[in-house]
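Here's the structure, in structure tokens; my notes come after.
The values are calculated or read from the model by the stated rules, or taken from the named source; none is laboratory data. This one's a predicted model, so the numbers in the text were calculated from it and none came from an experiment. No Cβ is skipped: glycine too gets one built from the backbone with ideal geometry, and neighbour counts run over all protein chains shown. The accessibility values were calculated without ligands, DNA or RNA, using every heavy atom of the protein model including side chains. Shrake-Rupley method; radii C 1.70, N 1.55, O 1.52, S 1.80 Å.
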Amino acid sequence: MFQETIYFAAGSLRFSQSLYHRNWSWFSSHGGERQTQARHFYSSQATTRRAPIVKELKEKVHIPGLDNVTYWEKMHYVPGLAKPVTSPWKTDYKDPKHYRSPPSHQMPLYQDTPCYVFNQRTNALEGVRQALWLTKSKAVSGLPPELLSLVKISTNQIPHQEKRVQNAIRHACFWDTTEQRPIKYSKTLLFNLLHLCATLQSSHPLFGRRMLAENYSLAASWKRGKNLFQVRGQNGLLYRSMDPLPRISGEQQVSNTADEDLDTFYPVSPTVDLQKVHVYDAAKNCTGFKRQHFYPHAHTLYFLDDGAQCKLRPDQFRAKMIMFLFGNALAQAHRLFGTKTYCALDHPITLQAVGTNGRLFQFIVLQLNTTDLKGDNGIKNQVWVDEDAELYDFPKVRPFFFKKQLKEPIGLSGFKPETFTKFLALFLHGAV
């Protein structure tokens, strides 16, 4: 009603009725209360915005013998006439652009019993503890001594190793980017380190019996308790080999795991944060490669935590590594021994994993000892975890000064060679 601007002389503050409204009922010419929106000066826009208006769908009433007058014959919109109702257009061929999936309960693979899926974007609440329970595994801190002893031999070391590793880091952080502050360089660094390890092929011919695969799809199913679980999706890079990795724990160490108890996280449910689906194939087990593949055995999985797809916390990132390691090992066991075999394995399957964000490295080794995963009793699987190993402190593109004193110079600082020795040990495993 009043468009005049009110001025406050004391504070010379300017308020307008269009900005600051109150429910002044005497402002209305009809004497009723006018519905206006108040301006919240001390709240953000996200908390004060209006809720979306939900339109109520009117029920369509059909009277037998009475048809609506539509503009079908006019072939264009006419105000006042009803919209014509036509049958959905169907083509004689399959057009993916106009495909409409049927309801889930009408799909051929629909099951009444739900399945809980772990994929590459799953953020498990309990992290490693939840992954250990789902895979019926016991965790051991640190890598096995048998692996770390491989890099102590002089023939298994790279000439000028520390200098060449630092150059690989500088290439990923400084030389391979034009950004003033590089953020995503973990993939470049990973390939540099793999290339550096492969330079030992002249003294280790078994390196030539491996291949690197990327963007392969995995599927593995198992029952844990009364629930059905699956690991599905693409997890990253995979080194495959013609020869399987040797077992780490002997028969006596494997049999001793039957006396150990699994860690629980009651009252949290083991299925928390897992995707619950009703459309699935309960017998789906696939390594992502054909049975006649030249490199039938998985060797090492490499995970990148650069935040390109889904950023995970360190504990959840390690849980993802354990789950996909277990999925690859279980799919391989089902291919070798069949999907109906639920018992301790005479020849355990060993797999390795390396995860990095460009500075921190996670090393995990898994040995699948049994496929009998339904109960908590009996032989357990084994997992060795070496977490949060720093390769260096930080790379500086610009120097850092504090009170006109140089505190951090340009370049690489705090290089830790022992982290690369663990990386090299996993690469040498199975070829020495």
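Some points to look at:
- Accessible-area ranking of 187, 226, 380, largest first, probe 1.4 Å: 226, 187, 380
- Extension gain from residue 55 to residue 211, taking 0.36 nm per residue of separation minus the Cα-Cα distance: 50.4 nm
- Solvent exposure of the stretch 178-308, expressed per residue, is 54 Å² of accessible area, with all protein chains present and a 1.4 angstrom probe.
- With a Förster radius of 35 Å applied to the beta-carbon distance between residue 291 and residue 388, the computed FRET efficiency rounds to 0.35.
- Convex hull volume per residue, computed on the Cα atoms of the stretch 44-103, equals 278 Å³.
- Cβ-based net charge around residue 422, under 11 Å, with every Lys or Arg adding one and every Asp or Glu removing one: -1
- Near residue 291, once Lys and Arg are set to +1 and Asp and Glu to -1 for all other residues with Cβ below 14 Å from its Cβ, the sum equals +3.
- Added length on full extension, which subtracts the Cα-Cα distance from 0.36 nm per residue, residue 77 to residue 340: 88.4 nm
- For the chain: rounded, prolate or oblate by the Cα gyration tensor [a/c cutoff 1.5]: oblate
- Using the Karplus relation 6.51 cos²θ - 1.76 cosθ + 1.60 with θ = phi - 60°, the per-residue 3J(HN,Hα) values for the stretch 213-221 come to 10, 9, 6, 9, 9, 10, 8, 9, 10 Hz, with x marking Gly and Pro.
- Share of carbon and sulfur in the accessible area of the stretch 107-249 stands at 52%, probe radius 1.4 Å.
- Area accessible to solvent at residue 341, 1.4 Å probe radius, in Å²: 50 Å²
- Rounded to the nearest 10 square angstrom, residue 297 shows an accessible area of 40 square angstrom against a 1.4 Å probe.
- Residue-wise HN-Hα coupling along the stretch 194-210, computed from phi with Karplus coefficients 6.51, -1.76, 1.60 (Hz; x: Gly, Pro): 5, 5, 5, 5, 6, 5, 7, 5, 5, 9, 10, x, 5, 4, x, 9, 10
- Think of a 1.4 Å ball rolled over the protein heavy atoms: the stretch 112-174 then has 48 Å² of accessible area per residue.
- Solvent-accessible area, 1.4 Å probe, carbon plus sulfur percent, for the stretch 315-373: 48 percent
- Between residue 268 and residue 398, the contour length at 0.36 nm per residue exceeds the Cα-Cα span by 42.2 nm.
- Sorted largest first by accessible area at a 1.4 angstrom probe radius, with every protein chain in place, the residues 232, 210 fall in the order 232, 210.
- Using C-alpha pairs below 8 Å separated by at least 6 residues, the relative contact order for the chain is 19 percent.
- Derived scalar couplings between HN and Hα for the stretch 265-271 equal 9, 4, x, 6, 6, x, 8 Hz in order, rounded to whole Hz, by the Karplus curve 6.51 cos²θ - 1.76 cosθ + 1.60 (θ = phi - 60°), x for Gly and Pro.
- About the centre of its Cα atoms, the chain shows a dipole size close to 1160 debye [charges on the beta carbon of Lys, Arg (+1) and Asp, Glu (-1) only; nearest 20 debye].
- Computed accessible area, residue 410, all protein chains, 1.4 angstrom probe, square angstrom: 110 Å²
- Interchain or long-range residues, amide H under 5 Å from residue 245's placed H: 350
- Of 71, 266, 392, 110, the order by accessible heavy-atom surface (1.4 Å probe, DNA, RNA and ligands excluded), from most exposed downward, is 266, 110, 71, 392.
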